[in-house]
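Take a look at the structure set out below.
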2 protein chains.
Amino acid sequence: MAITQTTKEKVKLTAQKLFRERGYAAVGMRELAKEVGIEAPSIYNHYKSKDDLLREICFDMAQQFFAAFDKTVVTEEKFQRKLKAVIKAHIGVIASNPEASEVFFNEWMFLGQPHLGKFKKMRFEYEMKFRDIIDKGVKKGDFKKMNSKLIAFAIFSALNATYDLYRSNENLSQEEIAEDISDLLLKGLKS
Amino acid sequence: MAITQTTKEKVKLTAQKLFRERGYAAVGMRELAKEVGIEAPSIYNHYKSKDDLLREICFDMAQQFFAAFDKTVVTEEKFQRKLKAVIKAHIGVIASNPEASEVFFNEWMFLGQPHLGKFKKMRFEYEMKFRDIIDKGVKKGDFKKMNSKLIAFAIFSALNATYDLYRSNENLSQEEIAEDISDLLLKGLKS
DNA sequence: TTTTCAAACTAACAAGTGTTAGTTTTTAGC
DNA sequence: GCTAAAAACTAACACTTGTTAGTTTGAAAA
């Protein structure tokens, strides 16, 4: 817990909150500034532009997803275990910051170039890491034969919506969410 | 296929396209009008306001989802069959209009009151129809015991993202999508 | 041919947009 | 306490926003 908060941090946190609540395009700089407790032009002492702010939010999250994936080393040979581990890591990142995650998933389209292009590329690479596990699992016989692209899509869709579960708190723990959802999906992959 | 298209229809279709591509808040009335081939104020001969336009798009889709669900009468007693049938109906509605579906799922938050309230209520009711099938299936023993709310959430997340599959066409048929995804999910529910 | 009405138009308003310039205040280092 | 830099401020620009008022056009009904 940060005892003190720099203005820059406050701007970023407030932007995350407002962008999530109302969408990037619908939030004005004056409104953002007011919520922070400063005047709009003061924001430009910390961020080059509105787009720059969105860029930082989105790319910070992207980095977290990659880091969580790469940190997940599974020595076990079973692909069910491997997939479950990265699913949990993915859900864990979302759980650690549902607000920024929602912005990441829903507002990236407002990024200007060249960031937008880089973002799409990174997201594709990340998705391919998952697809790779599924494909290898199918090849080895751990998973049934299937349209891996379609299945990976369905899995991501279920995982990426989990930010919604932390909004109006229903006393669902991250562990419970990760366990139930990965169980549902992994069972469906059984060969 | 409509051979001729009224201006009102053209406005609605163009709005669906633009709202999907760039988001409701980022699309201006002048831009929408230009794409239709008229001037901005002419739109007001057909729609009361920008919000009115979004309202029509969203509530038309809502009606289609309800209609498809209610039309799905399954005489079979197995809840797997019942659930599979409504899943397919749901995916079918999305497939029949992926563009409007995407607006429906992602832009409803820009609805003004009282439409926003009504929309939320309808969506909740619709989701409860699905939850109801799952709960009854669990009670009867067709599905394993589980957190039905969480599972319903995951199922909806997977289904509602399918509009994305029709965007950059990958030669995926609606039947293939519905079959693969419902298989994945139903297997995970097995008792 | 005249009347009527819907649907297009032009002009404009009031408010809001992101952002820059220039200035003052606050903070930190010596 | 003095200096330098960071971070706040006010004022403003050029442009866009949704929408209204008032007018003209085009086609159908009489």
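Figures for the structure shown
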read-out	value
Cβ-Cβ FRET estimate between B:N147 and B:Y126, R0 fixed at 22 Å, reported to 0.05	0.65
Inter-copy separations for B:K48, label at 7 Å along Cα-Cβ, nm, ascending	4.5
Label geometry 7 Å along the beta-carbon vector: A:E170 inter-copy distances in nm	2.8
Derived scalar couplings ³J(HN,Hα) [the stretch B:104-111; Karplus, 6.51 cos²θ - 1.76 cosθ + 1.60; whole Hz; x for Gly, Pro]	3, 6, 10, 10, 4, 4, 8, 4
Rounded Å value of the spacing that divides the Cα centres of the stretch B:61-96 and the stretch A:128-191	24
For the stretch B:95-165: span of alpha carbons on each principal axis (Å, largest first)	42, 31, 18
Shielding by partners - mean other protein chain Cβ count within 10 Å, residues of A:101-114	1
Surface per residue (accessible, 1.4 Å probe) for the stretch B:1-47, Å²	62
Label geometry 7 Å along the beta-carbon vector: A:T7 inter-copy distances in nm	5.0
Members of the stretch B:19-41 that become less accessible by 50 Å² or more once partner protein chains are added (1.4 angstrom probe, chain alone as reference)	none
Fraction of accessible area attributable to carbon and sulfur, the stretch B:1-101 (%, probe 1.4 Å)	50
For B:F143, distant residues with modelled amide H under 5 Å away	B:V138
Estimated vicinal HN-Hα couplings, Hz - the stretch B:7-18 in sequence order (Karplus 6.51, -1.76, 1.60; Gly, Pro = x)	4, 4, 4, 4, 4, 5, 5, 5, 4, 4, 4, 6
Accessible area that becomes buried as A packs against B, both chains, 1.4 Å probe, Å², nearest 100	2500
Convex hull volume per residue for the stretch B:38-191, taking Cα atoms only, in Å³	121
C-alpha long axis of helix B:115-140 to longest principal axis of chain B, angle in °	20
nm² value of the averaged projected area, convex hull over the Cα atoms of the stretch B:1-77	7.1
10 Å-binned pair-distance histogram of the protein assembly as shown (Cα, whole percent)	4, 20, 30, 27, 14, 4, 0
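The values are calculated or read from the model by the stated rules, or taken from the named source; none is laboratory data. This structure is a prediction, so every number in the text was calculated from the model and none was measured. Here the Cβ is made from the backbone with ideal geometry for all residues, glycine too, and neighbour counts use every protein chain on show. Only protein heavy atoms, including side chains, enter the accessible area calculation; ligands, DNA and RNA are left aside. Shrake-Rupley method; radii C 1.70, N 1.55, O 1.52, S 1.80 Å.
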